[in-house]
Amino acid sequence: MIETLGSRLKQLRSSRGLRQDQLGSLVGLNKTAIHYYENDMRQPSYETLVRLASIFNVTTDFLLGCEKRSVIDVSGLTTSEMNIVRSLVDSMTEKNMRLEGRIFMTGRNKDDD
């Protein structure tokens, strides 16, 4: 399934436990506008896109599907805690790549052959 701005927006809103009307209030729009965005019936203005990215602490590129990475807010964590999170993310990413067959157990990328 291709991820659209609408699907990413809905996933972010749901993961934060927000209703459409609550997100609309944060952005300065009504529930209907959020519904249209989430169902890819309309596209937000540049200003609204920037506000949405700020609310969810992601980039506009992420919302638009130009990048697959999402941002984890580590503000408030100690350096040691940030290193633990970074290590966990790296470990899980490597595990997923192996499961998807992208790299061999030797650590080489299949495309390098």
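The values are calculated or read from the model by the stated rules, or taken from the named source; none is laboratory data. Everything quoted here is computed from the prediction, not taken from an experiment. All Cβ positions, even for glycine, are placed from backbone atoms using ideal geometry, and neighbour counts span all protein chains on display.
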Q.
Can you report the number of residues in segment 1-38 which are without any contact (Cβ under 8 Å) to a residue 24 or more places away in the chain and aromatic (F, W, Y)?
A. 1
(Q) Can you pull out every residue in segment 41-63 that is polar (S, T, N, Q) and within 14 Å of the chain's Cα centre (by Cα)? (A) S54, N57, T59, T60
Q.
When you scan segment 36-59, do you find a residue that is crowded, with 18+ Cβ neighbours inside 10 Å and of a type in the set (V, I, T), even just one?
A. yes
Q: Taking the residues in segment 81-100 that are closer than 18 Å to K68 by Cα and β-branched (V, I, T) as candidates, determine which candidate is modelled with the highest pLDDT.
A: V89
